[in-house]
Amino acid sequence: MSEVTIELTVNGRRKFATVPARTTLADLLRDRFHLTGTHLGCEQGVCGACTVLVDELPMRSCLVLAASCQGTEVVTVEGLDGPDADRVRAAFSHEGALQCGFCTPGMLLAAHDLVRRREALTRDEVCVALAGNICRCTGYNGIVRAVQSATAEGIEAEGSATVH
């Protein structure tokens, strides 16, 4: 089996790894870098539990080959930070969007992506945007409310920041 050596930035830290060419990003993150917040559910890209941000875009890390991430910046739930991440986490807590926790890392990263766009979304739009993330506990109502709340707070914060 052929191996590849890759360099990427994970949660702000430069990382190197030599792995079999068929290694997924999820396996690299979990097994090599010990970032177990990236959950593996279906390993077919359907459940969204393995969602990470690759160059700021949400990706299913179980479907992405680690070798294809050469030179990219990857953010996992462990590295999610900043005001938008704080808004998302607080809203998830306040709206009861945290249940068993299996979907939470993927949901937080998907929600963060929506919040940072600063677009007011209807309930239906949030549902469509999160459709690729499965919550086994049916916590969708709380999750949708959390995304809408965090988005509204982000829009408000940006508006008040530009006024000053």
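The values are calculated or read from the model by the stated rules, or taken from the named source; none is laboratory data. Quick caveat: nothing in here was measured; it's all calculated off a predicted structure. Virtual Cβ from ideal backbone geometry, glycine too; neighbours counted across all protein chains shown. The protein model used for the area step is the full one, side chains on, heavy atoms only, and it has no ligands, DNA or RNA in it. Shrake-Rupley method; radii C 1.70, N 1.55, O 1.52, S 1.80 Å.
Tabulated data for the structure shown
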{"item": "Contact order normalised by residue count of the chain, Cα under 8 Å, 6+ apart, percent", "result": "23"}
{"item": "Antiparallel bridge percentage (DSSP; both residues within the stretch 3-79; nearest 5)", "result": "90"}
{"item": "Reported label for calculated Rg/Rh (Cα atoms, Kirkwood Rh) given [x] 1.16; [y] 0.97; [z] 1.00", "result": "[z]"}
{"item": "Within a Gaussian network of the chain (alpha carbon springs, distance under 10 Å), most fluctuating of D55, D86, D31", "result": "D31"}
{"item": "In sequence order, calculated HN-Hα J values of the stretch 27-40 (Karplus, 6.51, -1.76, 1.60; Hz; x Gly/Pro)", "result": "5, 4, 4, 6, 7, 8, 9, 6, 9, 7, x, 6, 8, 10"}
{"item": "Of the DSSP H helices in the chain, those whose Cα atoms cover at least 24 Å axially and whose Kyte score averages -1.0 or more", "result": "140-163"}
{"item": "Within the chain, helix-based [θ] at 222 nm, where runs of 4 or more DSSP H residues each add -39,500 (n - 2.57), nearest 500", "result": "-11000 deg cm²/dmol"}
{"item": "Distant-in-sequence amide H partners of V4 (H built 1.01 Å from N, under 5 Å)", "result": "V19, A21"}
{"item": "Residue-normalised accessible area of the stretch 83-159, expressed per residue, 1.4 Å probe, Å²", "result": "48"}
{"item": "Estimated distance in nm for a label pair at S68 and T122, the labels positioned 7 Å out from Cα along Cα-to-Cβ", "result": "3.3"}
